[in-house]
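Encoded as structure tokens, the structure appears first; notes follow it.
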Amino acid sequence: MNCDYYMEEKVLRPSSLEGKVKETVHNAFWDHLKEQLSATPPDFSCALELLKEIKEILLSLLLPRQNRLRTEIEEALDTDLLKQEAEHGALKVLYLSKYVLNMMALLCAPLRDEAVQKLENITDPVWLLRGIFQVLGLMKMDMVNYTIQSLQPHLQEHSIQYERAKFQELLNKQPSLLNHTTKWLTQAAADLTMSPPTCPDTSDSSSLAGPSPNEATNNSEPLSPTMVLCQGFLNLLLWDPENEEFPETLLMDRTRLQELKSQLHQLTIMASVLLVASSFSGSVLFGSPQFVDKLKRITKSLLEDFHSRPEEAILTVSEQVSQEIHQSLKNMGLVALSSDNTASLMGQLQNIANKENCVHSVIDQRIRLFLKCCLVLGVQRSLLDLPGGLTLIEAELAELGQKFVNLTHHNQQVFGPYYTEILETLISPTQALETKVESV
């Protein structure tokens, strides 16, 4: 078998056809190498090719300043010298493999130390070489990830400048290109001057991050450009799909914003279901993380068809959740739900899908307040004091909040200068706390 059949081993599902073919090819190669080294005299042709490949990989793992190690590897694995040793039957494959292991121990990331140490106990040269290539493959991926992380700030900066330059080119050709963006920010500023909503139980959640923008306005505190922009971003999660006047600066993110809107709606229903269910289940059941996780899985899976079949989906949720609570109470030797309580529970759960439902409304407002805090304070700080009804979906909220922050932050970095110009016309200098929107 030609040595060119060698390929780096990678993880594939054993049951897949590709995985089986890949495994067969690898096993055939290593069996062929064993036959060559066991022959009399030994055939080192494939071993030489492997050592050459190992040398190239080791050199690729070096940083530019590591000249001494580069010279050492070049000398220790000199191709011409190894060929001469092979021709005289004196190629010490196991000895060279041990040298490679020592070099790998120097170059690998800390998380690969254990894998390299395990290889040191292998005495069979074929199995040792096979293990070396597996770990070297991981080390190559580590180097790729390190390189990407190192370049990420530069790539991000380039992306920001590139997107802004392209938008400016379009704006030069079409001066009215920011009309919808201006209208969007104007509406956001107007929203902040309106009276705060009076839905029950919102007072507690409003204290999450101090005074809300609405309260700040009512207290005659200055209107902040940053808060106007945050309100604008939040309004995008309420955007009417029929409204074609979408901000021009966010057109590229419209699909992602729609996905976040759907995720927010799903979390609103999930948290509402859990809140209603807890009032019928008692602290014993809801004190079990396993039970809560099961209800969350049931609700999430059944809500996948909500947009196409909302009434049927919420009916199924109410039936499944009620049944799960009833059965779990019986299994724990507790008083099961009566027929009246079951009917009441199912009725309340089915009504959750109605946006006018008080539980739905309160949870929705609290999630949006959480997202506003994420934009102002960051996700981690916003998670420190979640209002009632949201603690059971903390992990899901953290994911949603981080996605929303990442999207809005990048958009703000790209289009910050344009937002600043617009906001200067909307907020008088005596009102504004800030002079410009953060941008890079």
Highest-fluctuation residue, P417, P42, P289 considered, GNM on the chain with Cα pairs under 10 Å: P42
Compute a Gaussian network model of the chain, connecting alpha carbons closer than 10 Å, and tell me which residue from K173, K183, K261 fluctuates the most. K173
Counting alpha carbon pairs within less than 8 Å and at least 6 residues apart, what relative contact order, in whole percent, applies to the chain? 16 percent
Identify which of Q350, Q168, Q36 has the largest mean-square fluctuation in a Gaussian network model of the chain, with springs joining Cα atoms closer than 10 Å. Q36
Pull out the extension gain between A76 and E49, defined as 0.36 nm times the separation in residues minus the alpha carbon to alpha carbon distance; nm, one decimal. 8.2 nm
Given the candidates V273, M332, S361, the one whose Cα lies deepest towards the positive end of the charge dipole of the chain, counting +1 at each Lys or Arg C-beta and -1 at each Asp or Glu C-beta, is M332
On a 18 Å Cα-Cα criterion, which of the cross-link pairs K183/K355; K52/K92; K294/K330; K183/K372; K261/K355 come out too long? K183/K355; K183/K372
What is the packing order of peptides 240-248, 418-426, 23-31, taking the mean over residues of other C-beta atoms within 10 Å and listing the highest first? 418-426, 23-31, 240-248
Along the charge dipole of segment 17-152, Cβ charges K/R +1 and D/E -1, which of H88, N102, L51 sits furthest on the positive end? N102
Hey, what angle do you get for helix 310-331 against the long axis of the chain, alpha-carbon based, 0 to 90 degrees rounded to 10? 80 degrees
Label-point gap, in nm, between S150 and A90 - each point 7 angstrom along Cα→Cβ: 3.9 nm
Multiplying the sequence separation of T40 and A28 by 0.36 nm and subtracting their Cα-Cα distance, what value in nm do you get? 2.3 nm
Using 7 Å Cα-to-Cβ label points, what is the V284/N235 separation (nm, one decimal)? 5.1 nm
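Answer rounded, prolate or oblate for the chain, using the Cα gyration tensor with square roots of eigenvalues a ≥ b ≥ c: rounded when a/c is under 1.5, else prolate when a/b is larger than b/c, else oblate.
Numbers: a/c = 3.09, a/b = 1.66, b/c = 1.86.
Since a/c reaches 1.5 but b/c is at least a/b, the shape of the chain is classed as oblate.
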In nm, to one decimal, how far is the modelled label at N354 from the one at A398, with both set 7 Å along Cα→Cβ? 3.6 nm
Nearest 10 degrees is fine. How inclined is helix 179-192 to the longest principal axis of the chain, computing both from alpha carbons? 60 degrees
Rounded to 10°, Cα long-axis angle of helix 93-107 versus longest principal axis of the chain: 30 degrees
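Under a point-charge model restricted to the Cβ atoms of Lys and Arg (+1) and Asp and Glu (-1), what is the dipole moment magnitude of the chain relative to its Cα centre, in debye to the nearest 20?
I would put it at about 360 debye.
Each reported figure results from applying straightforward, stated rules to the coordinates on display, with no laboratory input. All values reported here derive from a predicted model rather than from experimental measurement. We place every Cβ from the backbone using ideal geometry, glycine too, and count neighbours over all the protein chains shown.
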